[in-house]
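Before any comments, here is the structure.
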Amino acid sequence: MKMNIPITKTIFGDEEKEAIVKPLETGWVVQGPNVSKFQTMFADFTKSKFAHATSNCTTALHLGLEAMDITKGDKVIVPSFTYVASANAVEYTGAEVVFCDIDLKTFNIDETKLEELIKNDSSIKAIMPVNLFGLCANMPYIMKLANKYNLKVIEDSACGFDGWIGDKHSGTFGDCGCFSFHPRKSICTGEGGMLITNDENIANKVSQLKDHGAAKSDLQRHKEKGGSLLPDFTVRGYNYRMTDMQGALGVCQMDKKDYIMNGRREVAAKYDVSLKDIKELELPYVQENYKHGYQSYVCIFTNGEDISNLTKEQIDRINIKRNIFMEKLEEMAIATRQGTHAVHTLGYYKNKNNFKDEDFLISYAADRLSIALPLYAGMTKEEFEYVITNIKEALK
């Protein structure tokens, strides 16, 4: 019997239904007490001093860059295999994106290529490592490099919830870290983002910038005497605030985080066992002392070939096979996705910089060969076995 298997599922229940009604009843629907509580819970979980909820992760990245004074004339290093929002946030500031290729095993920025880029361009002022699919980049090394060259570091942890190196959470290594609560992410508020930092100066700037540049938030004014008067606006800001309905969802999701994350890791562990002998798939890699957050379970489709010395021709040939494999699974109502895209191959950046696909060959390979399998807490035994059976059938 055909089953419908989505790429992921949000874990919403009666708690969320009840929680989002309360702001409607109180009338406090903009950022307020629920957002404040969500921020506190998130800061406590990630062991960060400050957390500011935003409308999404892209706006959090933009705020973080501006709070670190990244501006026109500056350059920021971004991995070339990431969601386009990473690069777009840099462009919002007027700064220029400098792409760096990735390590195909981890899907994260290839730290061995970073120093050469930095040494050759004094305009580089920051690095934006992306903790992709829930696995931290090599942040200890990146921070050593940043300190050596006096660079700012903003972690794109859109996928990084509950990803760790030792006892440090993703997003806490750099000057700030930014998270997403989109439905594809582990915890969800519809849309939504969060910026965390241990730097009080950055925190204060972000608090003001996300709220039109207001010297006080609406909630602060509401609680203080004289709140009927508007505050001063001392900087040019943005409306990047999270609503209190979203904040209410965030509080509920944080209460469920253990169930959600344990469930995702259980499914990932079952994939590790069930797919280990499938020669066409290279499974996710996790370094020692790293804890994967498994926002996605992303494999490389190798077609059973040696991919240690990839060429564009080999990538393009295997890509055809991967796409056929994905189409076969789609016919059986099993959703899959490519991991993400190589940003240098997208029209805007490709045309602006006259990039060729092979300019960042490993990112191109990740774009053309990656495949994310269905992953969510609560996946039943029957659903899991249906996926595994059809993977094996599609590869015959």
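Below, the figures for the structure above:
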item: For the stretch 320-372: rounded, prolate or oblate by the Cα gyration tensor [a/c cutoff 1.5]; result: prolate
item: Choice from Val29, Val97, Val343 with maximal GNM fluctuation in the chain (Cα, 10 Å cutoff); result: Val29
item: Karplus-derived HN-Hα couplings along the stretch 233-243 (A = 6.51, B = -1.76, C = 1.60, θ = phi - 60°), whole Hz, x at Gly and Pro; result: 10, 9, 9, 6, x, 9, 9, 10, 7, 8, 6
item: Tail fraction, Cα-Cα pairs, the stretch 257-395, threshold 23 Å, whole percent; result: 39 percent
item: Cα-projected label distance for Ile320 with Glu18, points at 7 Å along beta-carbon direction, nm; result: 5.8 nm
item: Which labelled figure in [x] 39; [y] 58; [z] 33 is percent of Cα pairs over 31 Å apart, once derived from the coordinates; result: [x]
item: Packing rank of 43-53, 369-379, where each peptide gets the mean count of other beta carbons within 10 Å, highest leading; result: 369-379, 43-53
item: 0 to 90° range, to nearest 10: angle between helix 14-26 axis and the chain longest Cα axis; result: 30 degrees
item: Amide hydrogen neighbours beyond the local backbone of Ala342, cut-off 5 Å, H modeled; result: Asp367
item: Extension gain, Glu327 back to Thr234 (0.36 nm per residue minus Cα-Cα distance, nm); result: 28.1 nm
item: Kirkwood-type radius of the stretch 60-163, with distances r between different C-alpha atoms, in Å; result: 13.4 Å
item: Peptides 140-153, 284-297 ordered by average Cβ neighbours within 10 Å, highest first; result: 284-297, 140-153
item: Under 5 Å, built H, 5+ apart or other chain: amide partners of Ser370; result: Phe301, Gly339
item: Expected 222 nm ellipticity per residue - DSSP helices of 4 or more, -39500 (n - 2.57), all of the chain, to 500; result: -12500 deg cm²/dmol
item: Mean-position separation - Cα centroids, the stretch 129-203 and the stretch 317-396, in angstrom; result: 25 Å
item: Charge-dipole axis of the chain as Lys and Arg at +1 and Asp and Glu at -1 on Cβ define it, positive-most pick from Ser157, Ile315, Phe233; result: Phe233
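Every number here is computed from the coordinates shown, using simple stated rules; none is lab data. Since the structure is predicted, the reported quantities are computational estimates derived from the model, not experimental observations. Cβ: placed from backbone, ideal geometry, glycine included. Neighbour counts: every protein chain shown.
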